[in-house]
1. Once you list every other residue whose beta carbon is under 13 Å from the beta carbon of PRO211, what net charge do they have if Lys and Arg are +1 and Asp and Glu are -1?
2. For the chain, give me the percentage of DSSP beta bridges that are antiparallel, rounded to the nearest 5 percent.
3. Quick one: pull the percent of accessible area on the chain belonging to carbon and sulfur, 1.4 Å probe, ligands and nucleic acids left out.
4. Relative to the longest principal axis of the chain, what angle (0 to 90°, nearest 10) does the C-alpha long axis of helix 226-240 take?
5. Would you be so kind as to identify which of LEU267, THR190, HIS130 lies farthest towards the positive end of the dipole of the chain, taking Lys and Arg as +1 and Asp and Glu as -1 on Cβ and the Cα centre as origin?
6. Out of every Cα-Cα pair in the chain, what percent are more than 35 Å apart?
7. Can you tell me how much longer the chain between ARG258 and CYS282 gets when fully stretched, taken as 0.36 nm per residue apart minus their C-alpha distance, in nm with one decimal?
8. Taking only protein heavy atoms into account and a 1.4 Å probe, give the accessible area per residue of the chain in Å².
Amino acid sequence: MGGMTDGIHPSNGQAGAYHIPVLLEETLGALAVRPDGLYVDGTAGGGGHSFAIASRLRGGRLLALDRDPDAVQEAGRRLAGLPAVVVQANFTEMEQVLAAEGLGPADGILLDIGVSSHQLDTAERGFSYHMDAPLDMRMSQSGRTAADLVNTLDERELASIFFRFGEEKYARPIARAIVRERAERPVETTGRLADIIRQAVPAAYRREGHPARRVFQALRIAVNGELDCLSEALDTAFRCLKPGGRLAVITFHSLEDRMVKQRFAALCKGCTCPPDFPVCVCGRTPAARLVLRKPAEASAQELADNPRARSAKLRCIEKIHEADASAPQGGR
């Protein structure tokens with residue numbers, strides 16, 4: 001899977017730093033932030049992008065959302081005194097939140113997908129295979145944990161998750177090892193799961209990088225329903241834009257980026273008639289246009305400062321009109 005990472009937002013490693021927003025200047029440029037505009041940051045994290053957007057507003061407004069209560073608390077602290085409101089909600093709920101706040105439609109919406117450095121570096125959140133902690137991985141801190149999945153799904157279901165969401169080539173032997181080990185006692189910590197994975201794969205594979213990386217990513221995606229949420233959020237965000245409004249999405253691994261690329265391509269596609277038709281009979285026109293012909297990626301300087309930004313990709317479109325509900329949508 002080319003360019004796959006753990007979907008991690010970069011951190012500068014400074015004490016007390018929640019995280020540094022990736023591709024910040026590129027994102028602000030793509031959104032073309034206007035001082036009097038209405039903007040939505042659907043994945044506020046620690047408020048890095050939100051702070052940069054809100055600081056540019058004069059008469060405008062920012063709605064910052066995040067499902068993680070820790071992120072909401074940090075974003076609220078950073079955005080205090082700025083024209084912004086912070087709400088704990090999944091980005092799939094932005095339409096309802098905008099209505100509840102009496103706001104909308106928006107001039108720009110940002111979705112920054114993935115797990116933040118704060119989530120990864122807080123051991124008890126259970127996202128990291130580098131630190132031994134309860135096997136959790138819940139962004140919202142509610143619902144089923146990764147331990148629940150690991151200890152209740154059968155071997156075939158576990159292997160399917162590891163292959164579909166992590167493209168793990170040793171999905172079957174890893175799943176088999178987990179089922180065997182949990183029969184002795186439940187797998188409840190990140191350290192034990194990482195050890196099971198390490199022992200289940202060939203030594204040569206262990207030398208290619210941490211062998212638990214893809215499995216941990218797959219479990220995180222499954223626990224949080226990330227791809228389903230992203231698919232729904234792309235449709236919701238586009239509906240929440242006004243004509244001329246822009247939707248910017250930052251992804252950190254190829255499963256997400258592929259979905260965004262295909263969905264944006266579908267929105268930017270006009271006539272869908274077969275090429276041998278002499279005239280258009282479908283009547284479809286593009287609902288959006290690409291702002292960036294190619295995705296923006298981290299500069300050499302940003303990569304030097306934030307190695308975790310190595311697979312970040314920014315895509316952006318501008319809305320022309322509402323999408324035709326019957327138009328084909330990009331697959332996953």
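The values are calculated or read from the model by the stated rules, or taken from the named source; none is laboratory data. All values derive from a computational prediction rather than experimental measurement. All Cβ positions, even for glycine, are placed from backbone atoms using ideal geometry, and neighbour counts span all protein chains on display. Side chains are part of the model used for accessible areas, which takes the heavy atoms of the whole protein and leaves out ligands, DNA and RNA. Shrake-Rupley method; radii C 1.70, N 1.55, O 1.52, S 1.80 Å.
1. On the way: positive: LYS169, ARG198, ARG206, ARG207, ARG213, ARG214; negative: GLU168, ASP195, GLU208.
Net charge around PRO211: +3.
2. Numbers: 12 of 31 bridges.
Taking every DSSP beta bridge with both residues in the chain, the antiparallel ones total about 40 percent.
3. Details: 7270 of 14590 Å².
Here it works out to 50 percent.
4. Tilt of helix 226-240: around 10 degrees.
5. LEU267
6. On the way: 13593 of 54946 pairs.
Of all Cα-Cα pairs in the chain, 25 percent lie more than 35 Å apart.
7. Numbers: separation 24, 0.36 × 24 = 8.64 nm, distance 2.64 nm.
Gain in length upon complete extension: 6.0 nm.
8. On the way: 14590 Å² over 332 residues.
Accessible area per residue, the chain: 44 Å².
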